[in-house]
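K.L.:
One structure follows; several queries about it will come next.
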Amino acid sequence: MKRDNDFSKPVDRHNTYCTQWDFVQDRFGEANLLPFTISDMDFATAPNIIEAMVKRTEHGVFGYSRWQHSDFLSAIQGWFKKRFNNEIQTQQIVYGPSVIYMVSQLICLWSKIGEGVVVHTPAYDAFYKTITGNQRKIRPCPLNRQDDQWVCDMAQLEKLLAEPTTRVLLLCNPHNPTGKVWSREELVLMSELCKRHDVRIISDEIHMDLCWEQAKHIPLSAITTEPYALFTSASKSFNIPALTGAYGIINDTASRDAYFNKLKVCDGLSSPAIFAVIAHIVAYTDCDDWFNQLRRYLFDNLSYLKKRLDTDLPELKWQIPESTYLAWIDISPLKIDDKALQHRLIHQEKVAIMPGDTYGDEGRGYIRFNVGCSREKLADGVDRFIRAIKSFN
Ligand SMILES: Cc1ncc(COP(=O)(O)O)c(C=O)c1O
């Protein structure tokens, strides 16, 4: 079904129990802030998904369900072929309630308490939590900014991989919060280094569908045949994380069986959330127009942000990220203390923008600004951000 989707029409999300708007006080200490925080969007999902869910709702019976059927598996296979030209094998597909649940299980399967997990930093905050929560050691590998590119020092990475107790590289591709999209050469080199040091890769590819311009997402499944795990979801791209559902690929049989044992036997999670299963099938087979329009709108939002920052804060020299609707902005050239800025954003301008240190020490001096919203809201947020900064003059 072809429809015009008006992403510029704001949707009131108040009183929907949503984290972004209704629970902003939990994280920022004050209610009723204009939020640009956790990575979900203010947009309604694709009309075809809503239609399919309404139809299923009207059926009225919500008994136990299954995901291991050709409708779900071939929808995923088709998406990987269509978007990334990657042939995946449906028998290697696994399901889980969330990407981080799956990451957590594989960390536990592939390492012991006290052993090391390498992550590129700054890193998505849940990475730190799941590694330390499972009593594994974080081995941070800082990304460096060079000529408008985020670069991994591969010699430094190899040193970390070579540590005798390192077992896992937890990769984020594309990378949250920097938006870096890993190139084929980088992925090949990292998988060779992991093989050399007997380290397994868990690749979180939840942001895979939102790469901009020349940046091209290459799934780990297109790179290696060594044992790996790739976890992802339609939840970011189609704005459906509240449906709770994720999937992935575990290519070696023993690890896949061990994962299923944990999921189904130990944790009693054999029945998936039926709305997540339906939403994934429809998203991947019947929402291309909506998704392409969404991509254009998000990229235009990033371009809008760039124009505003170039005009009002040219010293930031901010560049649109290679992927994601999350603007990672280096505010260190402004020489304003992070905490003082947060204070003015929250208490003076009533706006919530993620402080960079949420993503670890390397995030100090940055903010992460979520542009997954109407242009009108974005403009309001950018006005407030610029006003807060100018108020230091
Ligand atoms: C890199 C990354 N992985 C995982 C998630 C969360 O996924 P889930 O809710 O399925 O665990 C996010 C959400 O922001 C993310 O940015």
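K.L.:
For the range 166-282, what does the relative contact order come out to in percent, with C-alpha contacts under 8 Å and a separation of six or more?
P.N.:
21
K.L.:
Continuing with this model, one more query. Which of the pairs Lys195/Lys236; Lys9/Lys377; Lys307/Lys377; Lys112/Lys262; Lys350/Lys390; Lys180/Lys216 have their Cα atoms more than 20 Å apart in this structure?
P.N.:
Flagged as over cut-off: Lys195/Lys236.
K.L.:
When the scattering of the range 63-286 is computed by the Debye formula from its Cα atoms alone, each counted once and equally, what is log10 I(q)/I(0) at q = 0.11, 0.16, 0.18 Å⁻¹?
P.N.:
Reported log10 I(q)/I(0), two decimals: -0.51, -1.12, -1.43.
K.L.:
Springs between alpha-carbon atoms under 10 Å, Gaussian network over the chain: tell me which of Glu51, Glu205, Glu322 tops the mean-square fluctuations.
P.N.:
Residue with maximal mean-square fluctuation among Glu51, Glu205, Glu322: Glu51.
K.L.:
A follow-up question, please. Please report, in debye to the nearest 20, how large the charge dipole of the chain is about its Cα centre when each Lys and Arg carries +1 at its beta carbon and each Asp and Glu carries -1 there.
P.N.:
300
K.L.:
Name the residue farthest towards the positive end of the dipole of the chain from the options Ala222, Pro142, Leu263, assuming +1 on Cβ of Lys and Arg, -1 on Cβ of Asp and Glu, about the Cα centre.
P.N.:
Of Ala222, Pro142, Leu263, it is Leu263.
K.L.:
Looking only at Cα atoms, what is the convex hull volume of the range 15-147 per residue, in Å³?
P.N.:
Considering the Cα atoms of the range 15-147, their hull volume per residue is 227 Å³.
K.L.:
Have a look at Asp286, Asp12, Asp147 and tell me which one the Gaussian network model of the chain (Cα, springs below 10 Å) gives the largest fluctuation.
P.N.:
Asp147
K.L.:
Taking θ as phi - 60°, what are the ³J(HN,Hα) couplings along the range 166-183 by the Karplus curve (6.51, -1.76, 1.60), each to the nearest whole Hz, with x for Gly and Pro?
P.N.:
My calculation for the range 166-183 gives 6, 10, 9, 9, 8, 8, 10, 9, x, 8, 9, x, 6, x, 4, 10, 6, 7 Hz in order.
K.L.:
Run lengths n ≥ 4 of DSSP H only: what is the helix-derived mean residue ellipticity at 222 nm for the chain, with -39500 (n - 2.57) per run over all residues, to the nearest 500?
P.N.:
It lands at -11500 deg cm²/dmol.
K.L.:
May I ask you to sort Phe23, Phe392, Phe43 by Cβ crowding, counting other Cβ atoms within 10 Å and putting the fewest first?
P.N.:
Ascending number of Cβ neighbours within 10 Å: Phe392, Phe23, Phe43.
K.L.:
Moving on to the next point. Normalised by the residues of the chain, what does the relative contact order come to in percent, with Cα pairs under 8 Å and at least six apart?
P.N.:
Value for the chain: 24 percent.
K.L.:
For the chain, what size does the Cα cloud have along each of its three principal axes, sorted from largest down, in whole Å?
P.N.:
61, 56, 37
K.L.:
Could you bin all the Cα-Cα distances of the range 332-393 into 5 Å bins starting at 0 and give me the percent of pairs in each, rounded to whole numbers?
P.N.:
Spelled out per bin, shortest first, that is 4, 18, 28, 26, 16, 7, 0.
K.L.:
Note down the net charge around Gly78, summing +1 for each Lys or Arg and -1 for each Asp or Glu among other residues with Cβ under 13 Å from its Cβ.
P.N.:
Cβ neighbours under 13 Å give a net charge of -1.
K.L.:
Given contacts defined as C-alpha pairs under 8 Å and at least six residues apart, what's the relative contact order of the range 63-286, whole-number percent?
P.N.:
Relative contact order for the range 63-286 comes out at 27 percent.
K.L.:
Checking the cross-link filter: which aspartates and glutamates have an alpha carbon closer than 15 Å to that of Lys317, excluding same-chain neighbours under 8 positions apart?
P.N.:
List returned: Asp147, Asp148, Asp330.
K.L.:
How many percent of DSSP beta bridges within the range 116-194 run antiparallel, rounded to 5?
P.N.:
Antiparallel bridges: around 30 percent, rounded to the nearest 5.
K.L.:
Need one number: convex hull volume per residue for the range 266-393, Cα atoms only, in Å³.
P.N.:
Residue-normalised Cα hull volume stands at 165 Å³.
K.L.:
In the range 63-286, what % of DSSP beta bridges are antiparallel (nearest 5)?
P.N.:
40
Coordinate-derived values only; no laboratory data. Owing to the predicted nature of the structure, the values given are computational and were not obtained by experimental measurement. Every residue, glycine as well, gets a Cβ built from its backbone with ideal geometry; the counts of neighbours run over all protein chains shown.
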